[in-house]
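Every number in this text was worked out from the coordinates using simple rules, so none of it is lab data. If you're wondering where the values come from, they're calculated on a predicted model, not measured in any experiment. Neighbour counts run over all protein chains shown; Cβ positions are idealised from the backbone, glycine included.
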Amino acid sequence: MSDEPLIIKDDSGVRHLILNRPDKINAIDYAQHLRLMSQFDLAEEDPSVKVVALSGVGRGFCSGDDLTAAAFEGQDPYRHRKVDLEMGSGPAVLLESCRKLHHLSKPTVALMHGIALGSGYDYSLSCDFRVVTLNIRYGDPRIDRALWAAEGWSYKLPRLTNLSIVSRVAYLGEIMNGSQAIAFGLAHAIVDGEPDIRESSRTFLENLVRVSSPAYSQVKHAMLRGLDSDVERALALA
């Protein structure tokens, strides 16, 4: 497989964005966030891309933020958006990247195996669909380190599930397996994951490719606009 930290692979209408830092279980550093943002923009503009799928190589989807990463070299486009706790502009760029993913007009899917924590969890909640393996460790333990929902899942999680689940997943940092993610309404399918999760998710992805792109885009746009509207405004947007 390529040595590139982010592999881009097109397969019958599916644009696969594959995290490729297996030695770090695909932990995401600042440069990787910028790569993902760029690819979200390219996928949006490419008419041959019907579905965008995020996945990872090796032992897991993503272990979270790369806390051992060297300082970013190059011009930081978010240098003016630094946050507290000496975290630099990392949370700002993750928030912006997740925003782009959330608003893509095309079906977006997180294909997750092994481990999906921290920023990997954030990205997955920004997708329309989540596919998991049965033995996955899925969630966000950052609250155990006294960190907060800076990357937007405080907005997304309560809209994806109910507050009883939120209290376990967000307030207590509970880590889910595949069955729990399905039961909590945070995953849409469980797959074997072998020989790799992209192959075992092929049927799920093919079904999305067959959906009318214009219809999907229009429905998604209306849903997102109506999500935070009162009933009168939501009906007007439909």
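Annotations
- Packing order of peptides 209-216, 134-141, 106-113, highest average first: 106-113, 134-141, 209-216 (average count of other Cβ atoms within 10 Å over each peptide's residues).
- Distances between placed amide hydrogens fall under 5 Å for residue 62 paired with 115, 116, 117, all partners being 5 or more residues away or on another chain.
- Taken one residue at a time, the phi angles of region 200-207 give Karplus couplings (6.51, -1.76, 1.60, θ = phi - 60°) of 6, 9, 4, 4, 4, 5, 4, 5 Hz. Gly and Pro are set to x.
- Distances between placed amide hydrogens fall under 5 Å for residue 53 paired with 15, 16, 17, 109, all partners being 5 or more residues away or on another chain.
- Amide H contacts of residue 21 (H built 1.01 Å from N, under 5 Å, at least 5 apart or other chain): 26, 57
- Additional length obtainable on full extension of the chain from residue 167 to residue 189, 0.36 nm per residue less Cα span: 5.6 nm
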